[in-house]
1. Within the range 263-277, identify whether any single residue is in a loop (DSSP other than H, G, I, E, B), surrounded by fewer than 21 Cβ atoms within 10 Å (Cβ to Cβ) and either under 17 Å from the mean Cα position of the chain (by Cα) or touching a residue at least 24 places away in the same chain (Cβ under 8 Å) (or both), and answer yes or no.
2. For the range 147-188, name all the residues that are out of contact with any Pro (no Cβ under 6 Å at 6 or more places or on another chain), within 30 Å of Asp137 (Cβ to Cβ) and assigned to a helix (DSSP H, G or I).
3. Which residue pairs have Cβ atoms closer than 6 Å, lie 6 or more positions apart in sequence or on different chains, and pair a first residue in the range 22-46 that is surrounded by 24 or more Cβ atoms within 10 Å (Cβ to Cβ) and small (Gly, Ala, Ser) with a second residue that is at pLDDT below 95 and not in a helix (DSSP H, G or I)?
4. How many residues are in a strand (DSSP E or B) and of a type in the set (Asp, Glu) if we restrict to the range 191-205?
5. For the condition under 27 Å from Glu222 (Cα atoms) and of a type in the set (D, E, K, R), what is the one hit in Lys85, Lys165, Lys105?
6. Would you pick out the residues in the range 1-46 that are more than 18 Å from Ala70 (Cβ to Cβ) and not charged (D, E, K, R)?
7. Looking only at the range 57-113, how many residues end up being touching a strand residue (DSSP E or B) at 6+ places or on another chain (Cβ under 9 Å) and among the β-branched types (Val, Ile, Thr)?
Amino acid sequence: MNILELQKTANEIRKGIVSGVHAAKAGHPGGSLSAAEIFTYLYFEEMNVDPKNPKDPNRDRFVLSKGHTAPGLYATLAEKGYFPKEDLLTLRHLGSYLQGHPDMKHIPGVDMSSGSLGQGISAAAGMALGAKLQKKDFRVYTLLGDGEIQEGQVWEAAMFAGAKKLDNLVVIVDNNDLQIDGRVGDVNTPYPIDQKFEAFNFHVINVADGNDFEQLKAAFDEAHTVKGMPVAIIAKTLKGKGVSFMEDQAGWHGKAPNDEEYKVAMAELEKAGEALCQK
C-alpha cells in the first residue's frame, strides 16, 4: 500500500472503532484511536499474515499487550478480512465472540489473549524465544500503552528479551501521554521511556509522530536492520486521534459515545475520508 491507501485504511478502522464502542455502550475508544496508524501499518504493510490462513505456523505474531484497546485490533482484523465488519457491532454483547479483551480461542487472527496489563509483552517475549529455539524466522510484535509500562512485569519481560538477544521482537509503545487517571507523568511518570528500554539492552527508535505513516515506515524499516537485540519503537501519538472532541482527553479512555456524539464522530470521519479521496 502507498501512504494514501494506508491513510484511507486507518480512517476506515477509526470508523470501526467508533461504531463498535457505540454499539457496545462501553469500551476504550481513546487508546484505540491513537494507535490506528500503528495497527494499520502492522497489518497492511509490515507483518506477514494471511486472513485466509490465520494459523499459519510461519506467520508473524502480534500481541495486544494493552488489551483494553481491543476495539482497535478488532476493527483492523475486520478491515483485513479475518471476519465480517458488521460483527464489530456485536462488541461486548452477550454471546458475541468479540468481547472487551482479545480472546485467542474464539477470534480469528488473535495470537494471544490479553488484558491484564504487563502480561502481553511477557507472552510476546516467550513467542520470540520459541521462534529462536525452533529456528523459525517469524517476527513478534507487541503494542503497549505508556500507562501500562508502569507495571513491573513489563520490565521483567524487557530484561528477559534483552538478555536473550531477541532481535525478532519489536515492542511498540503507544505514547499518547494519557491513562485512565490523567497524564502519565502526573500519575507515575514512565519518562524517559527510551532510556529505560536502552538500559535493558534494546535498540530504541523514537517516532516523533506515531500517527504519521512515513515516520512509522522509517521506524519499522530501521527495526529490520537491527541484529542481536530487541527493538523498542516509542511512538508519540494523540489519544482519541481523528475525533475532535476525544483528542487528548483522558475522559475518553474508557467511555462510549452516546448517540449524538456518535453522529458527530462519524460525520468527522466521513469528512476526513472524503478529503483523502480528493488527494
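1. Applying the first criterion (in a loop (DSSP other than H, G, I, E, B)) to the range 263-277 yields none.
Within the range 263-277, not a single residue is in a loop (DSSP other than H, G, I, E, B), surrounded by fewer than 21 Cβ atoms within 10 Å (Cβ to Cβ) and either under 17 Å from the mean Cα position of the chain (by Cα) or touching a residue at least 24 places away in the same chain (Cβ under 8 Å) (or both).
2. Residues satisfying the conditions are Glu148, Gln153, Val154, Trp155, Glu156, Ala157, Ala158, Met159, Phe160, Gly162, Ala163.
3. Cβ pairs passing all conditions: none.
4. We begin by selecting, within the range 191-205, every residue in a strand (DSSP E or B); these are 203-205.
Pick out the ones that are also of a type in the set (Asp, Glu) and you get none.
Matching residues across the range 191-205 total 0.
5. On the way: Lys85 fails: under 27 Å from Glu222 (Cα atoms); Lys105 fails: under 27 Å from Glu222 (Cα atoms).
Only one candidate qualifies: Lys165.
6. We begin by selecting, within the range 1-46, every residue more than 18 Å from Ala70 (Cβ to Cβ); these are 1-9, 11, 41, 44-46.
If the condition is that a residue be more than 18 Å from Ala70 (Cβ to Cβ) and not charged (D, E, K, R), then Met1, Asn2, Ile3, Leu4, Leu6, Gln7, Thr9, Asn11, Tyr41, Phe44 are the ones that fit.
7. Restricting attention to the range 57-113, the residues satisfying the condition of being touching a strand residue (DSSP E or B) at 6+ places or on another chain (Cβ under 9 Å) are 60-66, 68-70, 72-73, 101-102, 109-112.
Remaining after also requiring among the β-branched types (Val, Ile, Thr): 63, 69, 110.
Residues meeting the conditions: 3.
For (1) among the basic types (Lys, Arg); (2) in contact (Cβ under 8 Å) with a residue 12 or more places away in the chain; (3) closer than 18 Å to Ala10 by Cα; (4) assigned to a helix (DSSP H, G or I), each residue gets a yes or a no:
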| position | (1), (2), (3), (4) |
| --- | --- |
| Ala78 | no, yes, yes, yes |
| Glu86 | no, no, yes, yes |
| Leu94 | no, no, no, no |
| Gly100 | no, yes, no, no |
| Met104 | no, no, no, no |
| Val110 | no, yes, no, no |
| Leu117 | no, yes, no, no |
| Ala123 | no, yes, no, yes |
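The values are calculated or read from the model by the stated rules, or taken from the named source; none is laboratory data. None of the values given here were measured: they were computed from a predicted structure. A quick note on method: Cβ atoms are made from the backbone with ideal geometry, for glycine too, and the neighbour counts reach across all protein chains shown.
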